[in-house]
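These notes concern the structure reproduced below.
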Amino acid sequence: MAASMELSLNNLPSDPLLLMLSFLDFRDLISCSFVSRRLNELSGHNPLWKGLCLKHWLLTESDKIQKVQTWKELFREFYTDLGRYIDHYGTLKKAWDDLKRYLDQQCPRMIASLKEGAKEEELDVIEAQIDCKLSNDYRCSYRIHNGQKLVVPGLMGSMALSNHYRSEDLLDIETAAGGFQQRKGMRQCLPLTFCFHTGLSQYMALEGTEGRSRSEIFYHCPDQMAQDPSAIDMFITGSSFTEWFTSYVHNVVTGEYPIIRDQIFRYVHDKQCVATTGDITVSVSTSFLPELSSVHPPHFFFTYQIRIEMAKDALPEKACQLDSRYWKITNANGNVEEVRGPGVVGEFPVMTPGKVHEYASCTTFSTTSEYMEGHYTFHRLKNKEEIFDVCIPRFHMVCPPFRESIVRSQGSARDVSSASFNEDNSSDTDDHNEGELRGINMAAPGGRCPRHI
């Protein structure tokens with residue numbers, strides 16, 4: 001009878017053990033180092049810690065060469081400094097690196113406005129100053145970059161329409177702490193961004209209070225139908241700092257938000273919002289303007305940018321001029337409004353091969369969503385009697401999620417982003433007769449946006 005062979009770690013070859021250890025996270029790898037002398041030796045294997053350094057700290061071979069340390073020593077050094085952020089650092093550092101790499105090619109002067117990361121002690125001082133805890137992902141991002149200098153244009157996107165302009169800076173922690181809110185309706189809210197022109201800020205809720213969820217990010221919007229000044233509605237822009245920041249970076253680096261004249265414009269372009277008629281292509285991008293919108297009364301303000309382009313290979317005799325526009329506007333209640341008018345924003349563009357004409361206009365409506373579609377009517381320059389229509393693709397405008405003030409909802413804040421209102425009040429806005437912005441509490445006269453009805 002063959003002698004039984006006792007199986008032990010000492011009898012197993014190193015390669016399969018190292019393979020198994022490579023699937024462990026750093027916490028489990030450290031635990032294994034206390035099991036036996038053999039696992040203690042194997043768990044210190046340098047390639048194991050190389051993978052962990054890349055995963056958690058995004059460290060590369062060049063970083064190791066500069067430090068003249070083993071991968072395990074390098075991991076320990078970063079963990080000592082940033083260990084509390086290990087669940088967030090890799091995601092946020094990658095977002096910052098992607099953003100800077102993209103801006104370096106597209107808009108290098110914006111990188112110059114970024115501040116160096118804050119120190120741990122500085123963040124602790126701010127927490128003591130406002131007597132409130134900052135979320136770990138917010139602290140982590142500010143260890144990488146402490147916001148930006150107060151400049152125009154701002155890092156967090158711009159929007160321009162007629163004489164209305166918005167550009168949001170990412171506030172440094174010291175400036176943000178100075179704007180920390182303790183007033184009723186905005187308690188424990190920290191501003192993340194600020195716009196010089198409109199006074200607009202996006203806030204982050206540091207505590208789950210007054211109907212808000214902790215770490216929720218929003219534009220505040222006073223309830224203009226309530227007598228209580230603490231009645232603050234909110235347009236929600238993020239559920240956490242990480243989600244808010246990384247989604248914004250994604251939109252920038254993928255080109256979803258275009259860079260125009262060294263500014264990031266927060267227009268959203270649906271790739272399906274493109275229509276070609278003959279040699280002319282029309283595409284549409286849209287953007288919601290919270291500073292010109294309100295939940296109570298229901299008044300939602302959108303701007304849309306239209307690009308009209310004639311193909312470069314079109315024949316010269318195909319040159320034409322835009323005469324008029326037709327819009328069919330359908331709101332969330334299914335009610336339809338039709339609008340006809342001459343030209344676009346007072347212009348009658350001539351289209352020749354390769355020419356591009358772009359313009360921006362706006363619309364307001366009182367339901368939470370709406371879509372527009374229509375056509376332009378052109379005539380040929382060589383034959384004015386040859387008239388034809390060019391399709392404008394259907395494009396949707398949907399109000400972002402919003403939350404009613406706890407004052408209005410009597411102690412129970414609720415999401416109403418999918419609700420619709422009975423009042424119908426939408427308009428095409430290509431003409432130049434200036435009207436009144438209904439229900440808008442403007443920050444300053446200089447921030448007023450004309451509503452062209």
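The values are calculated or read from the model by the stated rules, or taken from the named source; none is laboratory data. Because the structure is predicted, anything quoted here is derived from the model rather than measured. No Cβ is skipped: glycine too gets one built from the backbone with ideal geometry, and neighbour counts run over all protein chains shown. What goes into the accessible areas is simple: the full protein's heavy atoms, side chains included, and nothing from ligands, DNA or RNA. Shrake-Rupley method; radii C 1.70, N 1.55, O 1.52, S 1.80 Å.
Worth a mention:
- Where Ser247, Ser162 fall by accessible area, highest first, once all protein chains stay in place (1.4 Å): Ser162, Ser247
- Considering helices alone, the calculated mean residue ellipticity of the chain at 222 nm is -7500 deg cm²/dmol, with DSSP H runs of length four and up weighted by -39500 (n - 2.57) and normalised per residue.
- Leading residue at positive end of dipole, the range 1-89 (Cβ point charges), from Leu74, Phe23, Asn11: Leu74
- Of the trypsin sites (Lys or Arg not before Pro) in the range 356-412, those whose Cβ has at most 15 other Cβ within 10 Å and which sit in DSSP loop: Lys382, Lys384
- The relative contact order of the chain comes to 11 percent, based on Cα pairs under 8 Å that sit 6 or more residues apart.
- In the set [x] 41; [y] 60; [z] 50, the label that goes with percent of Cα pairs over 33 Å apart computed for this structure is [z].
- The angle between the Cα long axis of helix 241-253 and the longest principal axis of the Cα atoms of the chain comes to about 60 degrees, rounded to the nearest 10.
- Per-residue SASA entry for Cys32, accessible area with 1.4 Å probe, Å² rounded to 10: 30
- Probe 1.4 Å, protein heavy atoms only - accessible area per residue of the chain in square angstrom: 47
- Whole-percent carbon and sulfur share, accessible surface of the chain, 1.4 Å: 50
- Under 22 Å from the Cα of Lys55 - lysines, other chains or at least 8 residues apart: Lys64, Lys67, Lys72, Lys93, Lys94, Lys100
- Of all aspartates and glutamates in the structure, those lying under 16 Å Cα to Cα from Lys133, and not within fewer than 8 positions of it along the same chain, are Glu120, Glu121, Glu122, Asp124, Glu174, Glu207, Glu216.
- Backbone geometry of the range 84-100 corresponds, through the Karplus equation with coefficients 6.51, -1.76 and 1.60 at θ = phi - 60°, to 3J(HN,Hα) couplings of 5, 9, 4, 7, 10, 4, x, 5, 6, 5, 5, 4, 5, 4, 4, 5, 5 Hz, x marking Gly and Pro.
- For Phe288, net neighbour charge (Lys/Arg +1, Asp/Glu -1) across residues whose Cβ lies under 13 Å away: 0
- The charge dipole of the chain, taken about its Cα centre with unit charges on the Cβ atoms of Lys, Arg (+1), Asp and Glu (-1) only, comes to about 720 debye.
- The distance from the alpha carbon centre of the range 304-354 to that of the range 3-74 is 64 Å, rounded to a whole number.
- Close amide-amide hydrogen proximity is noted between Asp233 and Cys221, Asp223, Ser405, each under 5 Å apart and 5 or more residues distant or on a separate chain (H modeled in the peptide plane; Pro and chain starts excluded).
- Selection of GluC sites (Glu not before Pro), the range 316-396, meeting DSSP coil and at most 16 other Cβ within 10 Å: Glu385, Glu386
- Rounded tilt (10° steps) of 71-82 against the dominant C-alpha axis of the chain: 60
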